[in-house]
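Student: Have a look at the structure that comes next, please.
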Amino acid sequence: MSKIILNKENYFENLRIIEKKIGSKDKISVVLKDNAYGHGLLEIANLAQSFGIKKAVVQLVEEAKIIENLFEEILIFADTNIKTYSHTFHIAINDLSDIYLLPKNTKVHLKIDTGMHRNGIQENQLKEAIIGICKQGLVLTGIFTHHRSADKLSCDFYWQNRNFARIKKNVFTICEELSLAIPKFHSANSSALFRFNNYPDDFARIGLAQYGYLENDKVFKDIKLKPVLELWADKNSSRLLKKGQRLGYSSNYEASKDMIVSNYDIGYGDGFLRFTSNKGFKSSEGYELLGNISMDNTSFQSNKEQICIFNNVKKIATLNNTLTYEILTSLKSTIKKEIK
Ligand SMILES: *Cc1c(COP(=O)(O)O)cnc(C)c1O
């Protein structure tokens, strides 16, 4: 059966690199949305917890419930459908209207748009939002923003940092006026954290880097993160493909010589994208993918019982003109996980 093997040592090594960069485990919040970027929500949450991480971020309340007992604080990015108060859950407010959907005493992190123009309130709505939060009986525990292009060497990063620094000052003033405790501030994702010399905020939301990647190799060439995930498949069958015979759907692979080919139990139904077909893709040990990837089957020029499809998704992302994020999050949650 196809499976994902998670390399625990690599995971811990990545967390150590992140810890060294940010200064403390307590300043890391691991982003576990989308099934921990395809790695398995509960598996990664358990590993992070055993390393000593105390904060996590997910997209939905349903995800937060699965890992509730493993963290002191869980930020929920985009789900206001919460019926009862929770000590652990903090809900992101992406729009002023969110304030009025939440039950009394809910802990909230207010998202501010500092230039990405995707989610978050505008800077000039800050006071209105904080007053609304108080009136509604919510507890303001965080203020945050998100970078639009931290993985590119442009001045956007510095511009958004200046905007957020100004917002922080305003928050201090507003909180004094309203006799509120100062909330925690956070702005960096993985790439933003590695752009800072001294990260000025209370914690960072670290997704991709914990899994062993940063999106831009040129910008981040000295950071030695190690991919955590390996995708493996088992052989279904083997055959001798004779010179001139064609293989698979649409018969667009023709053997240039006699060769042993085997079919493996992985396909686009598992999230091994069909786009990868016919682009010269090779497995991590160098076996060539032949013909079209089918729903649950893929053929390689190999006779091995088990094949490591990939242990690093950089190449496959480049081949498909997409991001490592997309390759990883395409992997279906039904793939069995093993930790080594
Ligand atoms: C997904 C996400 C992150 C994590 O980003 P990485 O680049 O994977 O570290 C952080 N903040 C927000 C708002 C996100 O949506």
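Student: In the range 1-84, which trypsin sites (Lys or Arg not before Pro) fall in coil by DSSP and have 12 or fewer other Cβ atoms within 10 Å?
Tutor: Values: sites: 3, 8, 16, 20, 21, 25, 27, 33, 54, 55, 65, 83; in loops: 54, 83.
When the trypsin sites (Lys or Arg not before Pro) of the range 1-84 are filtered for loop state and at most 12 Cβ neighbours within 10 Å, 83 remain.
Student: Okay, next question. Where in the range 77-117 does the amide nitrogen come within less than 15 Å of the point 7 Å from the Cα of residue 135, taken along Cα to Cβ?
Tutor: Flagged as within label range: 96-102.
Student: Using a ≥ b ≥ c from the Cα gyration tensor of the range 8-156 (square roots of the eigenvalues), is it rounded, prolate or oblate, where a/c under 1.5 gives rounded and otherwise the larger of a/b and b/c decides, a/b for prolate? Show your work: numbers first, answer last.
Tutor: Numbers: a/c = 2.12, a/b = 1.33, b/c = 1.59.
Taking the square roots of the gyration eigenvalues as a ≥ b ≥ c, the range 8-156 is oblate.
Student: For the ranges 232-238, 270-276, 117-123, what's the packing order if you count other beta-carbon atoms within 10 Å of each residue, average per peptide, and put the highest first?
Tutor: Details: 232-238: 17.1, 270-276: 19.6, 117-123: 15.3.
Highest-to-lowest ranking by the protection proxy: 270-276, 232-238, 117-123.
Student: Need the full-extension length gain, residue 239 to residue 180, defined as separation in residues times 0.36 nm minus the C-alpha distance. One decimal, nm. Mind dumping the intermediate values first?
Tutor: Details: separation 59, 0.36 × 59 = 21.24 nm, distance 7.14 nm.
Length gained between residue 239 and residue 180: 14.1 nm.
Student: Could you give the length gained by full extension between residue 69 and residue 315, i.e. 0.36 nm per residue of separation minus their alpha carbon distance, to one decimal place?
Tutor: Working: separation 246, 0.36 × 246 = 88.56 nm, distance 3.66 nm.
84.9 nm is the gain from fully extending residue 69 to residue 315.
Student: Now for a different question. Please label the shape of the range 32-71 as rounded, prolate or oblate, based on the square roots a ≥ b ≥ c of the eigenvalues of the alpha-carbon gyration tensor (a/c under 1.5 means rounded; beyond that, a/b larger than b/c means prolate, else oblate).
Tutor: Working: a/c = 1.88, a/b = 1.26, b/c = 1.49.
Oblate, since a/c reaches 1.5 and b/c is not below a/b.
Student: Can you give the net charge of the other residues whose Cβ lies under 12 Å from the Cβ of residue 13, counting K and R as +1 and D and E as -1? Present the calculation step by step, with values, prior to reporting the outcome.
Tutor: Details: positive: 8, 16, 20, 224, 226; negative: 9, 19.
Local charge sum for residue 13: +3.
Student: Counting only protein heavy atoms and using a 1.4 Å probe, what share of the accessible area of the chain belongs to carbon plus sulfur, as a whole percent?
Tutor: Numbers: 7580 of 15810 Å².
That fraction is 48 percent.
Student: I've got another one for you. Just to verify a number: FRET efficiency for residue 265 and residue 62, C-beta to C-beta distance, R0 = 25 Å, to 0.05? Before the final figure, lay out each step's value.
Tutor: Numbers: r = 29 Å, r/R0 = 1.17.
It comes out at approximately 0.30.
Student: By DSSP, what percent of the beta bridges with both residues in the chain are antiparallel, rounded to the nearest 5? Spell out each step's value before the answer.
Tutor: Working: 22 of 52 bridges.
DSSP beta bridges in the chain are roughly 40 percent antiparallel.
Student: Another question about this same structure. Is the C-alpha gyration tensor of the chain telling us rounded, prolate or oblate? Criteria: a/c under 1.5 is rounded; beyond that, a/b larger than b/c is prolate, otherwise oblate.
Tutor: Values: a/c = 2.51, a/b = 2.24, b/c = 1.12.
It comes out prolate by the Cα gyration axes.
Student: Which lysines, if any, have their Cα less than 21 Å from the Cα of residue 235, not counting same-chain residues under 8 positions apart?
Tutor: Once the sequence-local lysines are set aside, what remains near residue 235 is 3, 282, 304, 332, 336, 337.
Student: How many Å² of accessible area per residue for the chain, probe 1.4 Å? Each step should come with its number before you reach the end.
Tutor: Numbers: 15810 Å² over 340 residues.
With the other protein chains kept in place, the chain gives 47 Å² per residue.
Student: Less than 19 Å from a label point 7 Å out along the Cα-to-Cβ axis of residue 50: which backbone N atoms in the range 184-220 qualify, by residue?
Tutor: 210-212, by backbone N distance to the label point.
The values are calculated or read from the model by the stated rules, or taken from the named source; none is laboratory data. Owing to the predicted nature of the structure, the values given are computational and were not obtained by experimental measurement. Note that we place each Cβ from the backbone using ideal geometry, even for glycine, and neighbour counts take in every protein chain shown. Side chains included, ligands, DNA and RNA excluded: accessible areas come from the protein's heavy atoms. Shrake-Rupley method; radii C 1.70, N 1.55, O 1.52, S 1.80 Å.
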